[in-house]
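For reference, the structure is listed below as structure tokens.
None of the figures in this text is laboratory data; all of them are computed from the coordinates on show. Owing to the predicted nature of the structure, the values given are computational and were not obtained by experimental measurement. Note: ideal-geometry Cβ built from the backbone for every residue, glycine included; neighbour counts use all protein chains shown.
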Amino acid sequence: MGTGRLEAFSDGVLAIIITIMVLEMKAPHGETLAALVPLAPVFASYVLSFIYLGIYWSNHHHMLHVTRRIDGAILWANLHLLFWLSLFPFATGWMGENHFAPVPTAVYGAVLLMAAIAYLILQRRIIATQGPESVLAAAIGGDLKGRISPVLYALAIPAAFVSPWLAGALYVAVAAMWLAPDRRIERIERIAASSSAHP
């Protein structure tokens with residue numbers, strides 16, 4: 001099977017997730033800028049989750065761009081990822097509405113952790129299908145960022161009960177680590193194209 005329907009479905013789900021998140025932010029009753037102050041934690045959690053979803057969308061797009069075929073296992077692995085991403089609106093809203101209280105902040109970290117694991121499972125399943133010589137396998141390599149991220153999430157979850165702000169700082173650090181565009185796949189594609197053009 002090709003990747004067209006899988007990518008279109010995933011894009012649609014991510015668009016709905018973002019829409020639900022923004023609808024969770026209720027407009028204040030006041031008409032002054034001071035009325036926005038109580039919404040600051042909600043807005044901050046929304047911005048962080050929006051960045052995370054943007055990162056997942058971008059990396060998911062690049063990964064599927066170099067995927068030549070998919071099977072049933074990839075379909076289910078992708079659904080597994082979308083399941084955890086679909087919990088972002090709930091976790092985001094709960095954490096923001098409760099001003100980064102320990103339990104909601106820890107739950108937010110748990111959702112981030114499970115989404116990261118689900119993404120790694122999908123990535124590994126695609127590599128297993130495409131083969132060790134595929135563009136994706138060459139681009140991913142040791143995948144240091146992919147290995148560090150779940151560790152930081154796992155550290156942030158218990159840290160939320162000590163200092164929710166420390167946990168939040170770890171979430172922001174991981175997002176910042178991934179925010180810079182990942183050029184690995186594009187670079188490997190250029191190398192592969194150059195090699196095939198010059199035998």
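Here is the list for segment 67-126: trypsin sites (Lys or Arg not before Pro) lying in DSSP coil, each with at most 16 other C-beta atoms within 10 angstrom of its C-beta, are Arg68, Arg69. The Rg/Rh ratio of the chain, with both radii computed over alpha carbons and Rh defined as the Kirkwood radius, is 1.03. Report the normalised scattering of segment 1-40 as log10 I(q)/I(0) at q = 0.15, 0.22, 0.23, 0.28 Å⁻¹, calculated by the Debye formula with identical scatterers on the alpha carbons. Debye intensities relative to I(0), on a log10 scale: -0.54, -0.73, -0.76, -0.89.
Provide, in order from the shortest bin, the percent of all Cα-Cα pairs of segment 1-110 in each 10 Å bin, continuing until the bin that contains the maximum pair distance. Spelled out per bin, shortest first, that is 13, 39, 27, 15, 5, 1. Modelled spin-label separation between Val151 and Ile117, with each label point placed 7 Å from Cα along the Cα-to-Cβ direction: 1.7 nm.
So how tilted is helix 102-130 from the main axis of the chain? Cα-based, degrees 0 to 90, rounded to 10. It works out to around 10 degrees. On the beta carbon distance between Val162 and Val37, with R0 = 41 Å, the FRET formula returns roughly 0.95. Each peptide in 114-122, 19-27, 54-62 receives the mean, over its residues, of other Cβ atoms within 10 Å, and ordering these scores from highest gives 114-122, 54-62, 19-27. Centre-to-centre, using Cα atoms only, segment 55-89 and segment 97-126 are separated by 15 Å.
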